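J.: The structure under discussion is supplied below as structure tokens; questions concerning it will follow.
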Amino acid sequence: MYVNKVFLFFIFNTFVKGSKSILSKCTVYGDIYHTLIIFTEKKSVVSGLQWALFLCVVPCLCVNIFLGETFSSYISVHNDSSQVVKDILVKADLQTSSQRLNLSASNNAVTELKPESCVDDVIHHEVKEIGTHILVCAVSYTTQAGEKLYFRKFFKFQVLKPLDVKTKFYNAETDEVFLEAQIQNITTSSMFMEKVSLEPSMMYSVAELNTVETEDEGTSTFGKMSYLQPMDTRQYLYCLKPKPEFAEKAGIIKGVTVIGKLDIVWKTNLGERGRLQTSQLQRMAPGYGDVRLSLEMIPDTVNLEEPFDITCKITNCSERTMDLVLEMCNTCSIHWCGVSGRQLGKVSPSASLALPLKLLSSVQGLQSISGLRLTDTFLKRTYEYDDVAQVCVVCPYMSRES
């Protein structure tokens, strides 16, 4: 006849990486640990066999675990009795809100465990979900009398969010897309930002705008020591350009487009590395209507009352063929040179054409290019284009010193 008793209690001890555990007499690997001891007392009333003691070590409740970090735990089952037990199987599972993961390095049972011996296991898992996690530690073994025993314990902990990431998109007239990423440290400790990069989608190439170019090499705009203090926010800027094979279609892309994803790598105070990758960043492509007019070439500065050249690009963004007529209307400062009302011909869907134009300004200062009109003769619909660009007009007869 056997009487089984199970006692469970917690001892909050702090173990630093590489220190010795007094209770289990085993090296503890990882960061700050808390010892959970599971005593399974087995006592024989008839034969008076001595009791068996098993130890199980799991991480501390007081340690913050953040998304993107590696969760590590050292599990030790110790035979503190005078008996030899057989077929010891230690299993560690991690239960999340969406799945159950087996973290044990080996699923093979240990043949026997002598007195004062241990069965050890170190588990690692990169945390990819926030919320409640439950570490399930299960131990099964066989006594000398052939009786199979089994016990299981649960360790519950929360995975917190370490960073708050916000993104903004800015669309340029040249089909470039500027991405501003705001990253905030919402933990209670400092972070060393090892890498913050943008992995673009197949349509774009990316240029980072977070360094200042010097003669020798680029210097980070955040300084040599890239630390992010608690609750501080840092802004990263990237410029995306359509690849040559997609450049012609960039002006007719509609709806939601995939830009890429951010890859963030940091280190904590103790040197532990964490990594987060955002989901694919998406932006709503700007609507250009049926016809898009953009400037391919325009000078920065022109002389007063002197003609200058610009090059326009007209793209048919509709799903039908258009027959276009160009009209040029003068404004109080901008005067067009050439024939207004000329036929541009038929433009197929998704097709574009380059249009060189000549004009002059009669007013100094920063002037807006306005007054272009495109008419589709099929539908008798007119599209107006004002303030398409700006140019600086200077007087060549006045010296800059005056």
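The values are calculated or read from the model by the stated rules, or taken from the named source; none is laboratory data. Since the model is a prediction, treat every value here as computed from it, not as a measurement. Reconstructed Cβ throughout: ideal geometry from the backbone, glycine too, with neighbour counts over all protein chains shown. We work out accessible area using only protein heavy atoms, side chains counted, and drop any ligands, DNA or RNA first. Shrake-Rupley method; radii C 1.70, N 1.55, O 1.52, S 1.80 Å.
J.: Could you check residue 207 against (1) farther than 18 Å from residue 231 by Cα; (2) among the small types (Gly, Ala, Ser); (3) part of a loop (DSSP other than H, G, I, E, B) and say which number it fails?
T.: Single failed check for residue 207: (3).
J.: Only one of 24, 98, 73 is under 13 Å from residue 122 (Cα atoms), within 42 Å of the chain's Cα centre (by Cα) and either modelled with pLDDT of 50 or more or part of a loop (DSSP other than H, G, I, E, B) (or both). Can you tell me which?
T.: 73
J.: Name the single residue, out of those in segment 81-95 being open to solvent by 20 Å² or more (accessible area, probe 1.4 Å) and not in a loop (DSSP other than H, G, I, E, B), that is farthest from residue 127 (Cα to Cα).
T.: 86
J.: Only one of 134, 123 is buried (at least 17 other Cβ atoms within 10 Å of the Cβ), in a strand (DSSP E or B) and either in contact with an Asp or Glu (Cβ under 9 Å, 6 or more places away or on another chain) or modelled with pLDDT under 90 (or both); which?
T.: Exactly one residue qualifies, and that residue is 123.
J.: Continuing with the same structure: Just one of 257, 233 is hydroxyl-bearing (Ser, Thr, Tyr) and either at pLDDT 90 or above or open to solvent by 50 Å² or more (accessible area, probe 1.4 Å) (or both); which is it?
T.: That would be 233, the only listed residue that is hydroxyl-bearing (Ser, Thr, Tyr) and either at pLDDT 90 or above or open to solvent by 50 Å² or more (accessible area, probe 1.4 Å) (or both).
J.: Show me the strands (runs of 3 or more DSSP E) found entirely inside segment 230-320 where at least 3 residues are under 33 Å from the mean Cα position of the chain (by Cα).
T.: 233-242, 256-267, 273-277, 281-284
J.: Got at least one residue in segment 333-346 being within 46 Å of the chain's Cα centre (by Cα) and modelled with pLDDT of 90 or more?
T.: Yes, there is a match, as at least one residue in segment 333-346 is within 46 Å of the chain's Cα centre (by Cα) and modelled with pLDDT of 90 or more.
J.: Could I ask something else about it? For segment 355-398, which strands (runs of 3 or more DSSP E) that fit wholly inside it have 2 or more residues that are open to solvent by 40 Å² or more (accessible area, probe 1.4 Å) and within 16 Å of residue 298 (Cβ to Cβ)?
T.: Of the strands (runs of 3 or more DSSP E) lying wholly inside segment 355-398, those with at least 2 residues that are open to solvent by 40 Å² or more (accessible area, probe 1.4 Å) and within 16 Å of residue 298 (Cβ to Cβ) span 389-394.
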